[in-house]
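Note sheet for the following structure.
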Amino acid sequence: MDGISAAALVKQAHGGDTVLTDYPGQMKALADIAADQSLKKLFICDLGLSKKNQDEFVDIVSSLRKKRVSVTYVDHHMIDAGTARRLSNLGVRMVHNTNECASVLVYDSFKSKMSDHATFVASCAAITDYMEDRPLGSRLLQMYDRQFALISATVMTYNIVGHQKDGAYLQSLVDALADSKFPHEIPGSFEFAQSQVERLSEMIAKVKAGLKKTRNLAHMEITDAGAGGAVNFVLGLSGKDVGVAYKAKKNEDFYSVSVRGSRSCRVHLGKIVNVLASELGGSGGGHDRACGAIIPLARIKKFVSELNKRVAAA
Ligand SMILES: [Mn+2]
């Protein structure tokens with residue numbers, strides 16, 4: 001939701017085309033964009049770099065800057081200090097703050113070019129990223145009825161999660177939000193969310209039966225839904241402070257892994273997962289209590305056992 005909303009707000013403020021990508025597809029998508037000789041301006045939002053791809057990212061941005069393309073980087077994921085410095089030295093406009101979601105940062109940077117409705121889109125994104133209690137996010141949310149914002153954010157999120165592989169649908173959501181539409185004005189959105197809620201309720205029983213616990217975390221392999229949808233149940237139903245869900249990607253040789261921490265989780269999971277995933281030949285990272293990774297199939301047991309050790313030692 002934060003990525004889609006950030007894209008919609010950039011589109012409203014600056015026009016242009018939108019390219020959406022997930023973590024595994026990031027560098028390929030960026031390389032394709034960089035190959036477009038007519039490109040003049042590029043906004044990169046909610047990306048989340050890792051040790052594995054940060055150097056490649058700097059290289060691609062550097063080639064863009066040589067062609068005088070204007071580049072703006074808006075993100076709230078952790079970024080390595082050296083990488084941030086190299087980007088700023090290349091003349092990239094850096095909007096980086098780990099204390100607000102990407103959409104709120106986009107709103108705050110370009111609000112003079114946006115409609116009043118942009119505050120609503122940014123508020124919904126903040127809710128989805130668990131960042132509606134932050135200084136800017138909370139100020140935006142208090143403009144709206146809290147329940148109205150919550151149901152809108154939630155319906156949007158279920159529509160996005162249920163259409164992860166439907167690029168055309170996700171693009172249409174970007175356009176609708178950029179066009180200042182409310183989620184309930186998007187045809188079929190509430191009905192679709194209801195079908196997702198039904199699937200999730202079935203998952204509760206499956207997770208209860210299938211989750212495994214180690215000393216410091218709970219984990220589960222998911223086969224019939226997304227790991228991102230299951231991981232909060234793995235965390236919540238286990239009573240542990242860290243939950244891990246992983247799903248084998250079809251026709252690929254890696255697991256897509258989601259990791260969540262409880263409110264009492266004291267370690268920065270994104271930092272730990274970034275380092276661990278790189279060591280195991282994958283990649284990953286993210287926020288303190290919510291992150292993800294790509295892990296080679298044969299290394300998933302090692303990933304779980306090492307994560308169990310490192311969340312205790314950190
Ligand atoms: Mn985000």
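When the P(r) of the chain is calculated, the portion above 25 Å amounts to 51% of the C-alpha pairs. In the elastic network of the chain, a GNM with C-alpha springs shorter than 10 Å, the most mobile of Ala126, Ala81, Ala248 is Ala81. Whole-Hz Karplus values for the range 281-295 come out as x, x, 8, x, x, x, 8, 5, 10, 8, 7, x, 7, 10, 10 Hz, taken residue by residue from phi with 6.51 cos²θ - 1.76 cosθ + 1.60 and θ = phi - 60°; glycine and proline positions read x. Sparsely packed loop sites in the range 110-180 (the chymotrypsin sites (Phe, Trp or Tyr not before Pro) outside DSSP H, G, I, E and B with at most 15 other Cβ atoms within 10 Å) comprise Tyr130, Tyr144. At an R0 of 22 angstrom, the distance between the Cβ atoms of Lys41 and His96 translates into a FRET efficiency of 0.75.
A crude spin-label estimate for the pair Asp80 and Val161, with each label 7 Å from Cα along the Cβ direction, gives 3.2 nm.
For the chain, the relative contact order is 14 percent, taking Cα pairs closer than 8 Å that sit 6 or more residues apart in sequence and dividing their mean separation by the residue count.
Over the range 2-187, Cα pairs under 8 Å with separation of 6+ residues give a relative contact order of 24 percent. Applying both filters, DSSP loop and at most 13 other Cβ atoms within 10 Å, to the trypsin sites (Lys or Arg not before Pro) of the range 1-105 gives Lys40, Lys67, Arg68. Across the range 2-187, Cα-Cα pairs farther apart than 28 Å form 22% of the total. What is the range 81-132 by shape, rounded, prolate or oblate, if you read a ≥ b ≥ c off the alpha carbon gyration tensor as root eigenvalues and call it rounded for a/c under 1.5, prolate for a/b larger than b/c, and oblate otherwise? It is oblate, given that a/c is not under 1.5 and a/b is not larger than b/c.
Loop-located trypsin sites (Lys or Arg not before Pro) in the range 135-220 (DSSP state other than H, G, I, E, B) with a sparse environment of at most 10 neighbouring Cβ atoms within 10 Å: Lys165, Arg215. If R0 is 25 Å, the Cβ-Cβ spacing of Lys213 and Asp22 corresponds to a FRET efficiency of close to 0.30. Once both labels are positioned 7 Å from their Cα atoms along Cα-to-Cβ, the gap between Glu191 and Glu279 label points is 5.0 nm. In whole Å, how far is the Cα centre of the range 133-158 from that of the range 69-114? Cα centroid of the range 133-158 versus Cα centroid of the range 69-114: 22 Å apart. Here the Karplus curve 6.51 cos²θ - 1.76 cosθ + 1.60, taken at θ = phi - 60°, turns the phi angles of the range 38-46 into couplings of 8, 5, 10, 9, 9, 10, 10, 10, 6 Hz, with x standing for Gly and Pro. Would you compute, from DSSP H runs of 4+ residues alone, the mean residue ellipticity of the chain at 222 nm, taking -39500 (n - 2.57) per run and dividing by the full residue count, rounded to the nearest 500? Helices in the chain give a 222 nm mean residue ellipticity of -15500 deg cm²/dmol. Considering Cα pairs under 8 angstrom that are at least six residues apart, work out the relative contact order of the range 132-262 and quote it in whole percent. The value is 15 percent.
Read-outs throughout are calculated quantities, based only on the coordinates presented, and are distinct from any laboratory measurement. Computed from a predicted model, the values in this text were never measured in an experiment. Counting neighbours? That spans all protein chains shown, and the Cβs are built from the backbone with ideal geometry, glycine included.
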